[in-house]
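Visitor: Below is a structure I'd like to ask you about.
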Amino acid sequence: MLRRPSRVVSIGNLSIGGDYPIRVQSMTNTPTRDVAATVSQIRRLHEVHCEIVRMAIPNLEAIDTLRKIKTQLQNDKIPMPLVADVHFSPSIAMACVPYADKIRINPGNFSENSDAFRPLVKSVKKEGKAIRIGINRGSLGKNILEQYGNTAEGMYQSALPLLQIAAEERFENIVLSFKSSDVSKMVEDHRTILLKLNPLGFNFPLHLGITEAGNENYGRIKGAIGIGSLLLNGIGDTIRVSLTEDPVHEISVAYDILQACGRRFTHVEYIACPSCGRTQFDIQDVFNEIKAKTSHLSGIKIAVMGCVVNGIGEMGEADFGYVGAGPGRVNLYRRNQCVKSNILQQNAVAELLELIESCKE
Ligand code: SF4
């Protein structure tokens, strides 16, 4: 699958863009001043394989907290790249540079005075850190809003002066984001903006996300559609699935989106039919049992299908197939070949596991 070519950017010990895997990130929601709670949350995010963590730095007092959090993580040998999220003050952004691996700034706060960006670029470049120019539709600068309105053009114009300053300073360790709480606008904005950025050579990695997506099913669906639509078009180098929940919940959703889009494979790919009147066994129980017994594997596709009528064709390119063959009977497949037919259903899961085991290289 084609991927938009992008420059490789270093965030601490991690690389983003180019051919590197699409990175999964999140943001703490503990009060940043609470060092213990924030470190604990970052540790939990690390345990579920979150790769980059961002935290809000709302004031100068939080700089000292950021320093303590960084030190604590280093002492605990948690090599998590930290991103300082700074919205309202160039001076706070400057103060974060020694302690954060990346500074996320909102151009809405620099657009009235883009010259404030140049010293930040110089400092970040000197320290070997990165910047995310994070543009949100909901927080464009006043001048931009007056001239272009709340539009893709406004987002582009918001980023442009900062990108030009960075180019003048020969600074390229930049990630860009163009976020919105509206799924269709977010997708369309990227298409519009990239058509303008690409000819200028601004091929920086892109961070994707839907802001204020909400929670539960609908929050996940919004994130999946917005992020997934772009990933399927080769766009995106790092993602955050924003949920109004414990941020730890965001990570498995992010990996599922990446796998469903064929972008990053971290767990078994399951293909299972919904079952219908032709199904002659309890497919829900069997599917759950197979998932429970194979979820530790990776890099394979397992299909669980109710019947041979449509099941074999629908299995696609599954590596292993469990297909209902009649009352109490099952066929097992290795790719498209039936390797065991009409076996007793009570033995079928165990035989499937044996088959998978015997095919391990
Ligand atoms: S594979 Fe067979 S059992 Fe499953 S939905 Fe299709 S026709 Fe029905």
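The values are calculated or read from the model by the stated rules, or taken from the named source; none is laboratory data. Since this is a predicted model, take the numbers as computed values, not measurements. When we count neighbours, we look across all protein chains shown, and the Cβ atoms used for this are built from the backbone with ideal geometry, even at glycine.
Visitor: Can you tell me which residue within the stretch 238-284, out of those that are among the aliphatic types (A, V, I, L, M) and within 16 Å of the ligand (Cβ to nearest atom), is surrounded by the fewest Cβ atoms within 10 Å (Cβ to Cβ)? Break it down into steps so the answer makes sense when it comes.
Guide: Going through the stretch 238-284, the residues among the aliphatic types (A, V, I, L, M) turn out to be 239, 241, 243, 248, 251, 253-254, 257-258, 260, 268, 271-272, 283.
From what is left, the residues that are within 16 Å of the ligand (Cβ to nearest atom) are 271-272, 283.
Numbers: Ile271: 16, Ala272: 21, Ile283: 20.
So, considering only residues that are among the aliphatic types (A, V, I, L, M) and within 16 Å of the ligand (Cβ to nearest atom), the one surrounded by the fewest Cβ atoms within 10 Å (Cβ to Cβ) is Ile271.
Visitor: Now for a different question. Can you list the helices (runs of 4 or more DSSP H) lying wholly within the stretch 26-112 that have 3 or more residues being assigned by TED's automatic domain parsing to the domain that holds Lys179 and closer than 18 Å to Glu245 by Cα? Walk me through it before giving the result.
Guide: Working: elements: 35-47, 61-75, 90-96.
In the stretch 26-112, 35-47 are the helices (runs of 4 or more DSSP H) which contain 3 or more residues that are assigned by TED's automatic domain parsing to the domain that holds Lys179 and closer than 18 Å to Glu245 by Cα.
Visitor: Taking Ile290, is it among the β-branched types (Val, Ile, Thr) and either buried (at least 20 other Cβ atoms within 10 Å of the Cβ) or outside the structural domain of Leu162 (by TED's automatic domain parsing) (or both)?
Guide: Details: among the β-branched types (Val, Ile, Thr): yes; either buried (at least 20 other Cβ atoms within 10 Å of the Cβ) or outside the structural domain of Leu162 (by TED's automatic domain parsing) (or both): yes.
In short, yes.
Visitor: In addition: Going through Gly316, Gly306 one at a time, which residue ends up being over 27 Å from the mean Cα position of the chain (by Cα) and within 14 Å of the ligand (Cβ to nearest atom)?
Guide: Working: Gly316 fails: over 27 Å from the mean Cα position of the chain (by Cα).
Result of the check over Gly316, Gly306: Gly306.
Visitor: For the stretch 237-261, what are the residues that are over 16 Å from Ile16 (Cβ atoms) and in a loop (DSSP other than H, G, I, E, B)?
Guide: Within the stretch 237-261, Val241, Ser242, Leu243, Thr244, Glu245, Asp246, Pro247, Cys261 meet the criteria.
Visitor: Moving on. Would a scan of the stretch 221-237 turn up a residue that is surrounded by fewer than 16 Cβ atoms within 10 Å (Cβ to Cβ) and charged (D, E, K, R)?
Guide: no
Visitor: Pairs please, first residue from the stretch 262-282 and under 22 Å from Ile312 (Cβ atoms) and among the aliphatic types (A, V, I, L, M), second anywhere and assigned to a loop (DSSP other than H, G, I, E, B) and away from the ligand (no atom under 16 Å from the Cβ), Cβ atoms under 6 Å, 6+ apart in sequence or on different chains.
Guide: Val268/Leu297; Val268/Ile300
Visitor: Just a yes or no: is a residue in the stretch 141-152 of a type in the set (Asp, Glu) and at pLDDT below 95? Even if it seems obvious, please write down each step before you answer.
Guide: Here is the first cut: in the stretch 141-152, the ones of a type in the set (Asp, Glu) are 146.
From what's left, at pLDDT below 95: 146.
Yes, there is a match, as at least one residue in the stretch 141-152 is of a type in the set (Asp, Glu) and at pLDDT below 95.
Visitor: When you scan the stretch 180-202, do you find a residue that is surrounded by fewer than 17 Cβ atoms within 10 Å (Cβ to Cβ) and closer than 23 Å to Val97 by Cα, even just one?
Guide: no
Visitor: Taking only the stretch 121-159 into account, find how many residues are over 22 Å from Val83 (Cα atoms) and over 24 Å from the mean Cα position of the chain (by Cα). Talk me through it step by step, then tell me what you get.
Guide: Residues of the stretch 121-159 over 22 Å from Val83 (Cα atoms): 141-154, 156-157.
Now narrow it down to the ones that are over 24 Å from the mean Cα position of the chain (by Cα): 141-151, 153-154, 157.
Qualifying residue count, the stretch 121-159: 14.
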